[in-house]
Every structure is written in C-alpha cells, then in structure tokens.
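Below is one structure, written out as structure tokens, with a few remarks after it.
The values are calculated or read from the model by the stated rules, or taken from the named source; none is laboratory data. Please read these numbers as outputs of a predicted model, since none were measured by experiment. Note that each Cβ is placed from the backbone with ideal geometry, even for glycine, and that neighbours are counted across all protein chains shown.
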Amino acid sequence: MVLDLIDVPAFQRLRRIRQLGLANLTFPGAEHSRWAHSLGVFHIAQRMLDRLKRRGDSADHDYSSLEPMRKQILAAALLHDVGHGPFSHVFERAAPSPNNPPDDYPKKHEGWSEKIIREKFGEVLSNHEVDPEEVVGLISKDDRSNLLAKDFISSQIDADRMDYLLRDSYCTGTGYGEFDLDWLLHSLRVGVTQIRGSDAQIPRLCFESGKAIYAVEEYIQAREFMYTQVYVHKTTRAFEALLTNIIRLASHICDDNPESAPEPCPDAFAKFLARNPLDVDDYLLFDDFRLWSVIQDWAQLNPGNDERLTLLTQMCRGLIQRGRPYRTIVLDTPDKTTHAIELRVAHRDDLSGFRFAHDTFHDLAYKNSFYRKSIDDEEQEDRVIYLIENDTAKPAETLSEVIDAISRIPVHIERLFFDNDDTGLVAEIRARGLIS
Amino acid sequence: MSEHDELLLARVIDACGDIDGRVKMQKIVYLLSEMGFVTPFQDFTIRQFGPFSRSVAYTTDVLRDSGVIVEDIQALNEDAGPESGSQYFYRVSNELKDLIHNNFQLSCKRMNRSLEEACSILRNEDRGVLEVAATRLFLERRSIHRPDSVEEELGHMKGHLRSYFDRANALVEELRQDGWLN
C-alpha cells in the first residue's frame, strides 16, 4: 500500500515543496522537502505501532484496539501533508481570499489534504481495503473520534512533530530540536485516561513517567527553542513577508481587472490571483518550482511606466537574488503595535502598503489540560501528553514543573518589517520613534 | 485570513462596546456572518457550546497579546481559587479604539445596515440565548439534518439550556422579520 501511495503524482508533488518555506535563505541546509518529511512521519508512526505491538496486551494496555487501524494510521501519517501549498505555511498566509467559494472550500492546507486524499488517493486506498474517510478522519482537526489512533497523527507528541523537530534541527544545523526519540518510543504505551468533566474512560498514547519524563521535557523544550530560533527567525520571516507582499501586489493588480495578471502567468495561478476558487487539479499545479518560475519571470518584466509593475519587478528581483532582507523592528510594547496598525491604516491604498509588513507569530509550545482555564473553555485541549505514574495516566504538566512553566507562557513574537529603500516610509517610521 | 482580517474582530468587539466571554464572542461573530456581514471567520464547526471558529479563538489570543484588545479576568468564586473558573471580558484598548472604529468596517451584503445596529441586538442577549440561537441556525443552514429534525437535534444538543429556547426562538424570528436573516 505504501509504495502505491508514494507513486501517486499528488504525493510526488511534495518533492517540490520545501519543508521550511524560505528558511533556506537563512539556513543553507534547509533544503529538505515535505516528501522526505512525510516518509519520516510514516517511519516514526510505524516504529510507534511496532513498539506497542511488542508490548502486547495487558490489563491496562490494550493494543488490540489499535491493530485494525494500523493501515489507516500509516496511510494518514504518509499523506497528512499532501495539501500543503508552495513554500509550506507561507502560501497559506499569502493567499488572497477567493470570491464566492463553495461551502466546502478548504480554508487551510488540512482541508486541501482531506479533499486531495478523497479525490487522488481514494482508489489506491480502497484497493488496499482502507476506507479513505477513515484516513481523512485521522487527519481532520475537527474530528474528535478515535483519539487513540489520532494521537499518532495529530496530538502534541505525534509522529509529525517528532519527525519535523529532528529533521528541521538536523537540516538547519541547529541543535535545539534534538531529543531522545529512541527513549521516548521505548517508554510508549497505551493507557486509560479521563477527560476533565467526563466519566468516560478513553485509551490514549502515554509514556511511562519514571522512564520518559526527562525525555518529554527535552522534547517540549526542543519545540519551544525551534520556534524562537528557527521557525520565527527574523531573516526567514522577513523574506516570507516579501513573498507575501509579492502575491498581495499581484492580486491587487488583478482586483482592478481579473484579466490583468502580470504576464507570463500560468492559468491556474492567474485564476488564484483573480480570487477565483480553485479545484483540486488547479491546486496540485502549485508547488515551489512553479512559484519560483513565475517570480523569475516577473523579475525580468519590462514594467514601462507602470508603478505597480515596477515595484513588483523590484520585489521579485530582491527575492530571486536574495537581496538584503527587510529591515526589522521588534514590536514588544502595545505602543509599538499601535504605531504598526496606524501605518497599515495610513498606507492601505497606496503602494507603500506593499513595502512593509506587520508580522505576528503566536503559539504555545505545549498546551496543558487547563488550556484556557475559564467557563469559556470551548476548545478544551484533549491532546495533552499523558505520563503514567503508579498505573494512572496524568497530564504531563502535573508531574513536571518545566512542562507546567512552558505551558503558561505563549511564544508571541511581533515585528514590523519594512523596505529600507523607501525613504518616505523610513522617515515616517523614524518620526514615530520606532527607529533612531 | 488575509491582511487586516484580525482587526475586524477588534471592530466587532468595538461595536459591542465590550463582550463578556469568549463563548459569547464566538456566537456573536457566527450570528453576524448569518446576518450577512462578510467576516473573514468562516471556519465554524459545532463544539460543546455551539458554533466555534478556531480562527476567532486564535485571533483573540493574538489581539490580546498585541495589546489591541484588553482581556479582564474575574474569578467566579474568589474563595474557591482559580480552578473554580473565571469570567473573561473583552474590550478594545483605549489607544486604538478610535482608529479601529473609524477605519475598519464590516460590510453587510444583505442590506445597507450598520454593524452597530446588528451588535446592539446581540450584545445584550444572554450567552445561553445566543448559544441556542446560533446552534439552531447552524443546524438549519448546514443542512446537516432534515428540517423537521432540527428541533429534535437541538433538544438533544442543547437540552440543558431549555430555559433559553423560547427567547432564542423569538430572537431568530425577530431577526427574520427584520430582514437580517433569510
């Protein structure tokens, strides 16, 4: 089954999508693809299943309920990223909202993954007696059934995170993302848990506390460090802001006239820029290679007297030639954020609005079981990491002060990126006291 | 979401004056989208308290940590400590109130009516009323169930809020009669 899935063109497309978007402009080794990552996730999921199988069944460790889901879990591990667009998460942020999309139009890459699995992998999966809907259910963030099987694909210690932390750390040459995968897998087991406010006994993936607690701490710290040191690196984010502005400006040009996409432009891309909903075949034409090709073409445009095309051409050259990145200001007080929002308002309708970006990253390296501790607890985190102590599964934060501390402090990084060659803009930013 | 979208949530909070709680905020944003306001938050799914958008939840965190909106927290029971739960209140920061109010508009595609007018209808309703009304509309609109089964499904999902049913039904009916809902 796995080899048949790998041979599907929609899976081979992942060879042409970088795992870390534009991070290779900062970290020379970050050339790895979603394709390699997907194989890695499959491999780790397989090791997790094999470890649990070797442990066998016992009174509080029920592997038998997992065995019928083995093929579905492995397929979901392999296919979980097939919906990623070019440059991974960057494309998602840059994409213009389509006009009048159908109700089931995907909002994010997970939605595209579900659609693509149904349309492009359904036949292969069915030939191997796997229901595509079961695979989609394991990937879907909104499907809360079968939490044990979902733990492998979509939890806080799933095969996806384990692979990307190690792979990204290795390929960027940073040591931050390393943790003891072998020891974590060794201490893996199935335990019975209880969700807060419910009597239901739910089997979940757990780790033996005595063996794994320090490895789990290391893993969560690795995620925290990778966020701040790699995933939100200012140079990478600055180039991502430039790419976002290129797509925004091209789409803005099309807003005036849907037929006016800067030429040359592939049909599916022109459709996208003109805010027309895409179908799966259109979407699958999008990969890093295709987008680089368009940007390369636009960098060679003769813009004549057109100010918008002139700026577009300059920005594309800046990206293609890896010019100097946008200058960065860290927005670490509400006052600075206010200035950034005022700038956005002031330049909503002029070209300078495409020469800066107000960039915000916000996440928690670990979400504890009291995530959003209030009566408004609408999305209670049901994917905490469980450690087994004295035969009882307990949320990791209740046994580790390190994990508890990390779960209380979000990573919130806010910056203003701007083109230092726009003298008017620079003067305005200086007048606001954001630079000296 | 694209540029400026996160500030549209601040604009909704501004139009409401303030909002007591995240559940109420979620329901108001959902009902506004049903009332024809073009919001960027379209990822609603049914959760424990009715229609819920992950984007609204995430954007609330971002706006709070950026200082664009202010989150005030009051313990529900001071003596029992934080585990007893808290009530959250949201408002736009004083520094950005005028800017948000004057520069970010949510257009209503159904008729030329203002966001303030819509929010004045919703903001004073009890959270339970909004939860039942929003769930009813979600069940009706998404065609998850046959029309004749909506009542049964609503009773099943929101039976614990039965005391709010009459007011929620009246609210939906009023919105229909006033042309806010199809």
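Checking the conditions here, which among A:R55, A:R18, A:R51 is closer than 17 Å to A:M226 by Cβ, touching a residue at least 12 places away in the same chain (Cβ under 8 Å) and in contact with a strand residue (DSSP E or B) (Cβ under 7 Å, 6 or more places away or on another chain)?
On the way: A:R55 fails: closer than 17 Å to A:M226 by Cβ; A:R51 fails: closer than 17 Å to A:M226 by Cβ.
Unique residue meeting the criteria: A:R18.
Could you check the stretch A:10-128 for helices (runs of 4 or more DSSP H) lying wholly inside it with 3 or more residues that are of a type in the set (F, W, Y)? Talk me through it step by step, then tell me what you get.
Working: elements: A:34-55, A:70-79, A:89-94, A:109-116, A:122-127.
Correct list: empty, since no element meets the threshold.
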Revision key, fill the gap. Exception for A:S38 within (1) in contact (Cβ under 8 Å) with a residue 60 or more places away in the chain; (2) at negative phi falls at (1)
Point to revise | Scan of the stretch B:105-119 for residues that are modelled with pLDDT of 75 or more and aliphatic (A, V, I, L, M), ordered by number | key: B:L106, B:L115, B:A118
Practice item. Exactly one condition in (1) crowded, with 18+ Cβ neighbours inside 10 Å; (2) modelled with pLDDT of 85 or more is not met by A:F361; state its number. Key: (1)
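Looking at the structure I just gave you, is A:L148 surrounded by 18 or more Cβ atoms within 10 Å (Cβ to Cβ), farther than 28 Å from A:Q201 by Cβ and out of contact with any His (no Cβ under 7 Å at 6 or more places or on another chain)?
When the stated conditions are applied, A:L148 does not pass them.
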Review point. Do the conditions hold for A:D142, that is, is it within 14 Å of chain B (Cβ to nearest Cβ), touching a strand residue (DSSP E or B) at 6+ places or on another chain (Cβ under 9 Å) and either under 25 Å from B:S53 (Cα atoms) or of a type in the set (A, V, I, L, M) (or both)?
Key: yes
Check your understanding: When both residues are 6+ apart or on different chains and their Cβ atoms are under 6 Å apart, which pairs have a first residue that lies in the stretch B:120-146 and is aromatic (F, W, Y), and a second that is at pLDDT 90 or above and surrounded by fewer than 18 Cβ atoms within 10 Å (Cβ to Cβ)?
Key -> none
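Just a yes or no: is a residue in the stretch A:386-406 under 22 Å from the mean Cα position of the chain (by Cα), within 23 Å of A:E218 (Cβ to Cβ) and at pLDDT below 85? Let's see the steps before the verdict.
Taking the stretch A:386-406 as the starting set, the residues that turn out to be under 22 Å from the mean Cα position of the chain (by Cα) are A:406.
Retained after the next criterion (residues that are within 23 Å of A:E218 (Cβ to Cβ)): A:406.
From what's left, at pLDDT below 85: none.
Among the residues of the stretch A:386-406, not one is under 22 Å from the mean Cα position of the chain (by Cα), within 23 Å of A:E218 (Cβ to Cβ) and at pLDDT below 85, which makes the answer no.
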Practice item. State all residues of the stretch A:53-109 that are in contact with a Lys or Arg (Cβ under 7 Å, 6 or more places away or on another chain) and closer than 30 Å to A:S187 by Cα; if no residue qualifies, say none. Key: A:R55, A:H61, A:Y63, A:D81
Exercise for review: Name the single residue, out of those in the stretch B:109-158 being acidic (D, E) and part of a helix (DSSP H, G or I), that is surrounded by the most Cβ atoms within 10 Å (Cβ to Cβ).
Suggested key: B:E131
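So which residues in the stretch A:319-337 are more than 18 Å from A:R415 (Cβ to Cβ) and crowded, with 16+ Cβ neighbours inside 10 Å? Show your work before the answer.
Within the stretch A:319-337, the first condition is being more than 18 Å from A:R415 (Cβ to Cβ), and the residues that meet it are A:319-323.
Within the stretch A:319-337, just A:L319 meets the criteria.
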Point to revise | Failed item, numbered, when B:L106 is tested on (1) within 24 Å of A:R144 (Cβ to Cβ); (2) of a type in the set (A, V, I, L, M); (3) assigned to a loop (DSSP other than H, G, I, E, B) | key: (1)
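Could you tell me whether A:V216 is farther than 28 Å from A:F418 by Cα, of a type in the set (V, I, T), surrounded by fewer than 19 Cβ atoms within 10 Å (Cβ to Cβ) and modelled with pLDDT of 90 or more? Break it down stepwise before answering.
Details: farther than 28 Å from A:F418 by Cα: yes; of a type in the set (V, I, T): yes; surrounded by fewer than 19 Cβ atoms within 10 Å (Cβ to Cβ): no; modelled with pLDDT of 90 or more: yes.
No: the conditions fail for A:V216.
Of the residues A:T228, A:T244, A:T235, which single one is over 30 Å from A:V402 (Cβ atoms), touching a residue at least 12 places away in the same chain (Cβ under 8 Å), β-branched (V, I, T) and in a helix (DSSP H, G or I)? Working first, answer last.
Details: A:T228 fails: over 30 Å from A:V402 (Cβ atoms); A:T235 fails: over 30 Å from A:V402 (Cβ atoms).
Residue meeting the stated conditions: A:T244.
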Check your understanding: Looking at the stretch A:270-282, which of its residues are surrounded by fewer than 19 Cβ atoms within 10 Å (Cβ to Cβ) and in contact with a helix residue (DSSP H, G or I) (Cβ under 6 Å, 6 or more places away or on another chain)?
Key -> A:V280, A:D282
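Return yes or no: is A:F152 on the phi > 0 side of the Ramachandran plot, in contact (Cβ under 8 Å) with a residue 60 or more places away in the chain and in a loop (DSSP other than H, G, I, E, B)? Don't jump to the end; show me each part of the working.
Details: on the phi > 0 side of the Ramachandran plot: no; in contact (Cβ under 8 Å) with a residue 60 or more places away in the chain: yes; in a loop (DSSP other than H, G, I, E, B): yes.
Judged against the criteria, A:F152 is not a match.
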Point to revise | Residues of the stretch A:414-436 satisfying the condition of being outside any helix (DSSP H, G or I) and surrounded by fewer than 21 Cβ atoms within 10 Å (Cβ to Cβ) | key: A:N420, A:D421, A:D422, A:R432, A:G433, A:L434, A:I435, A:S436
Point to revise | Scan of the stretch A:253-266 for residues that are in a helix (DSSP H, G or I) and without any contact (Cβ under 8 Å) to a residue 12 or more places away in the chain, ordered by number | key: A:D256
